[in-house]
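For reference, the structure is listed below as structure tokens.
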Amino acid sequence: MRDPAKSETRHGYVMSKYQNGSVIAFREISQSIEIDRNLMSSAIFFLLVGLAIAQGTLPATPPKGTALTDIPILGLGTWQISTNTAEAVSDAIVQGYRHIDAAYIYGNQGGVGQGITDGLRKTGLKREDLWITGKLWSTRHGQEEYGLKETLNQLGLEYLDLFLIHWPVGNSTTRTTYDYIQTWKGMEKLVKPTGGGTRYIGLANFSPSQVDDIMKIATIKPKVHQFELHPYLQQSSFILTNHAHNISITAYSPLGNTNPVYSGSQGGSRQPKILSHTTITSIAKERGCTPAQVVLAWNMARGVSVIPKAAKAEHRKENIETVTKCKLEGGDVEKIGKLDAKLRLSILCGTGDLRAECFRGLDASP
């Protein structure tokens, strides 16, 4: 029996707390959501949302032989790891990482593949013990099979676990266009249970309306949606929207403006470095964590997998230890929730009107 609850409009899904106090369920209704405001604050609401509907995540280091039908909660991002790519990836696998995020446009997939091979050799693991994500770059729209084979060849792999459309815009011709519907239909042909393809397909950097467009025509639904998420760009409602479609979320740039590339013209300097923010450093001190661990733990508490880049061994160790050594409390989540500055750092989706359409309906639209 449902406890009394107030109603408010919230993305067409209802959250119910039953009298046994342990069940939180979502189902589609006509543009309303019921929540008990006496039971939880807004920040706690979103924490429980993440925990209740966090679909498609596994521990950072699943036991050897685990069938990876879902994405591990923490992975290694490989963007900008250029000088020691193979060493970094191999060492990450030895340290316990089972989720490696790659992309054609990063220009380092050869090194990533070497690192995977070396890491498997050192640990005695098999390929199926890892989750490897690749991405279809915009110049390969309309050439989806070629784009996948190109990625597999560079990585030296027989298959991917997940292949994402990197951006909804394509420029395989002289004109940049939104061609994601046809591209998705091509992506569906790549899904194969055995070698030579990808086990799952998904999205990256799509807007709410673009996600809806895909859901209307898809015969194979997106497994994962990867987009920018950090305390300065929290996008809580968009997480709910994706989870309502049973799409798991991966956060790129989970450490926000820590990366120097986001300074200056990218707008990262408009806020203090997230790892130096007094809210983050005070929580870190209270919980015996590092600031980076606090920021990563916050996103994971929302049911979001994270892929921080870490070229240095000490940073990889720090990041993976988040899972076992950094436990946030409810008050911490509320405090971090107040840091949302609607600061978008990655705006690589076309220019002018084309860019505006890419982020329409999202926080911090350019």
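The values are calculated or read from the model by the stated rules, or taken from the named source; none is laboratory data. This is a predicted model, so every value here is computed, not measured. Cβ sites come from the backbone with ideal geometry, for glycine too, and all protein chains shown count toward neighbours.
Confirm whether N246 is over 26 Å from P62 (Cβ atoms), touching a residue at least 40 places away in the same chain (Cβ under 8 Å) and in the same structural domain as G115 (by TED's automatic domain parsing).
no
Identify, from the list L155, L203, L190, the residue that is assigned by TED's automatic domain parsing to the domain that holds I247, under 22 Å from the mean Cα position of the chain (by Cα) and within 19 Å of G110 (Cα to Cα).
Going through L155, L203, L190 in turn, just one is assigned by TED's automatic domain parsing to the domain that holds I247, under 22 Å from the mean Cα position of the chain (by Cα) and within 19 Å of G110 (Cα to Cα): L155.
So how many residues does region 318-366 have that are at pLDDT below 80, in a helix (DSSP H, G or I) and of a type in the set (A, V, I, L, M)?
Number of matching residues: 2.
Could you tell me whether any residue of region 172-182 is at pLDDT 95 or above, surrounded by 14 or more Cβ atoms within 10 Å (Cβ to Cβ) and small (G, A, S)?
Within region 172-182, not a single residue is at pLDDT 95 or above, surrounded by 14 or more Cβ atoms within 10 Å (Cβ to Cβ) and small (G, A, S).
Can you tell me which residue among D118, D179 is over 21 Å from Y252 (Cβ atoms), in contact with a His (Cβ under 7 Å, 6 or more places away or on another chain) and assigned by TED's automatic domain parsing to the domain that holds G202?
D179
Can you work out which of the residues in region 76-111 that are on the phi < 0 side of the Ramachandran plot, assigned to a loop (DSSP other than H, G, I, E, B) and not hydroxyl-bearing (S, T, Y) is surrounded by the fewest Cβ atoms within 10 Å (Cβ to Cβ)?
Once the filter is applied, the top-ranked residue is N84.
When G65 is evaluated against the numbered criteria (1) surrounded by 24 or more Cβ atoms within 10 Å (Cβ to Cβ); (2) small (G, A, S); (3) more than 21 Å from the chain's Cα centre (by Cα), which criterion, by number, is the only one it fails?
It is condition (1) that G65 fails.
Out of the residues in region 158-174 that are in a loop (DSSP other than H, G, I, E, B) and over 20 Å from R360 (Cβ atoms), state the one that is nearest to the chain's Cα centre (by Cα).
Out of the qualifying residues, it is Y159.
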